[in-house]
1. Under 7 Å between Cβ atoms, at least 6 apart or on separate chains: pull out the pairs that start in the range 147-162 with a residue that is at positive phi and end on any residue that is surrounded by 11 or more Cβ atoms within 10 Å (Cβ to Cβ) and of a type in the set (A, V, I, L, M, F, W, C).
2. With respect to ASP149, is the statement that it is away from the ligand (no atom under 12 Å from the Cβ) and either surrounded by 15 or more Cβ atoms within 10 Å (Cβ to Cβ) or at pLDDT 95 or above (or both) true?
3. So ILE28 fits all but one of (1) near the ligand (Cβ under 8 Å from one of its atoms); (2) over 30 Å from SER166 (Cβ atoms); what number is the exception?
4. Take the range 77-94 and flag every residue that is within 9 Å of the ligand (Cβ to nearest atom) and either under 20 Å from ILE131 (Cα atoms) or of a type in the set (Val, Ile, Thr) (or both).
5. Which number in (1) more than 30 Å from GLY169 (Cβ to Cβ); (2) touching a residue at least 40 places away in the same chain (Cβ under 8 Å) marks the one condition that TRP82 misses?
6. When you go through SER139, SER166, SER173, SER158 one by one, which is the residue that is within 15 Å of VAL20 (Cβ to Cβ) and hydroxyl-bearing (Ser, Thr, Tyr)?
Amino acid sequence: MNADNNPASARGPVRIAFVVARSENGVIGRDGKLPWHISADLQHFKRLTLGKPVVMGRKTYDSIGKPLPRRTNIVVTRDTAWQQPGVQVVHDIPTALALAYEDAHRTGVDEISIIGGGELFQVLMPEAHVIYLTEVHGSFQGDAVFDLDLALGWREASRERHAAESPGGPDYSFVTLERTA
Ligand SMILES: NC(=O)c1ccc[n+]([C@@H]2O[C@H](COP(=O)([O-])OP(=O)(O)OC[C@H]3O[C@@H](n4cnc5c(N)ncnc54)[C@H](OP(=O)(O)O)[C@@H]3O)[C@@H](O)[C@H]2O)c1
């Protein structure tokens, strides 16, 4: 993907932003759900994505169970029969990005939010400009992962650590990573 695939690029940059919560051992999901419950992170996710086009894999859509309100929901699936009210369904990644860029341009927002899951993050990693990462401090078991090698052209622009919300829960940090190369 390059600037020619970005219909908004002539009118102003639109960044591709990952929004992801990840444990220290790389886990993001287990049995179709998040392995933790952190209310503050759900609020953080909402703040980061409201008003923006959100692109997700079909399994992530299933785990949410409904379209996210006040956001254009774009779901990627290979199943040509799959549809849901309030969802724009696409069958490949370039179409997902083209739709998302169109939407961002039409509504005047400066970011497209890629919200998972593991498969989508993996395939879209080369396109990401910024990662809003919630580091969940601890090791979790799971079946969905996000591989992130910070040595490879990323800089940490901000970091904010928070204590666990409830006894026994994990501490977490809101981290912003920007691509340097
Ligand atoms: N912690 C976090 O930040 C976070 C965020 C999101 C999700 N999650 C968790 O992650 C898990 C889900 O992630 P996942 O990796 O299993 O699945 P996913 O990435 O959400 O969805 C995978 C599905 O997307 C479709 N897809 C993927 N690549 C495609 C392509 N190139 N072209 C067309 N369709 C494509 C396929 O749908 P079809 O099978 O329909 O063809 C595929 O099965 C859940 O546990 C969820 O709770 C965590």
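1. So the pair list comes out empty.
2. Working: away from the ligand (no atom under 12 Å from the Cβ): yes; either surrounded by 15 or more Cβ atoms within 10 Å (Cβ to Cβ) or at pLDDT 95 or above (or both): no.
So ASP149 does not fit the description; no.
3. Exception for ILE28: condition (2).
4. Taking the range 77-94 first, the residues within 9 Å of the ligand (Cβ to nearest atom) are 77-79, 82, 90-93.
Once the filter is applied, which keeps residues that are within 9 Å of the ligand (Cβ to nearest atom) and either under 20 Å from ILE131 (Cα atoms) or of a type in the set (Val, Ile, Thr) (or both), the range 77-94 yields THR77, VAL90, ILE93.
5. Exception for TRP82: condition (2).
6. Values: SER139 fails: within 15 Å of VAL20 (Cβ to Cβ); SER166 fails: within 15 Å of VAL20 (Cβ to Cβ); SER158 fails: within 15 Å of VAL20 (Cβ to Cβ).
SER173 is the lone residue from the list that is within 15 Å of VAL20 (Cβ to Cβ) and hydroxyl-bearing (Ser, Thr, Tyr).
The values are calculated or read from the model by the stated rules, or taken from the named source; none is laboratory data. None of these values were measured; they are calculated from a predicted model. Cβ coordinates were reconstructed from backbone atoms using ideal geometry, including for glycine residues, and neighbour counts include every protein chain displayed.
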